[in-house]
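The block underneath contains the structure these notes are about, expressed in structure tokens.
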Amino acid sequence: MTRSLTCALLVCWLCNTILVASQQAELLSQLPKHYFWNEVTGDTQYEDPGDVPLHDEEGNCFWLDDSGQRLEEDPNAGKYAWVETWSEEHNRPYYYDQANHISTWDKPADLAWRRVYLPDEPESNAQPETAADSTLA
């Protein structure tokens with residue numbers, strides 16, 4: 001094989017490798033960064049079930065208003081049947097259904113959705129290819 005043909009094949013291989021890596025990066029950037037998990041029912045889904053709180057590093061819930069400002073209380077809580085309320089007497093949350101006027105200590109499924117973040121990069125057992133591993137025949 002002539003040297004110019006070898007160089008041409010190497011250039012084609014490198015261009016193809018860069019193109020494939022670029023396409024993979026584009027596809028990965030389009031994947032969801034999180035999914036939603038219901039801690040009562042165990043259900044999971046990618047579609048936002050509505051008004052799921054964010055959590056900070058300490059695990060505290062918060063919401064964001066339209067301008068991106070942090071809110072400690074759900075600004076839409078009045079729109080939902082179930083609301084979480086605090087019992088000073090028992091020092092724990094309880095849940096009140098505003099539509100049916102009932103309360104319970106057990107968290108209802110409607111309030112049990114959590115945002116679960118996916119790792120930034122998928123884990124892989126494949127070892128990166130080194131220059132020594134790739135040779136032209």
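Every number in this text was worked out from the coordinates using simple rules, so none of it is lab data. Remember, predicted model here, so these are calculated numbers, not experimental data. Note that each Cβ is placed from the backbone with ideal geometry, even for glycine, and that neighbours are counted across all protein chains shown.
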Expected vector for region 88-99, Karplus 3J(HN,Hα) from phi with 6.51, -1.76, 1.60 and θ = phi - 60°, integer Hz, x for Gly and Pro, equals 5, 5, 9, 6, 7, x, 9, 10, 10, 8, 5, 6
Amide H within-cut-off set for W82, under 5 Å, with H built and near neighbours excluded:
Q98
How much net charge surrounds C61 when only the other residues with a Cβ under 12 Å from the Cβ of C61 are counted, with Lys and Arg +1 and Asp and Glu -1?
-4
Cβ-defined net charge surrounding Q45, 15 Å radius [Lys, Arg +1; Asp, Glu -1]:
-3
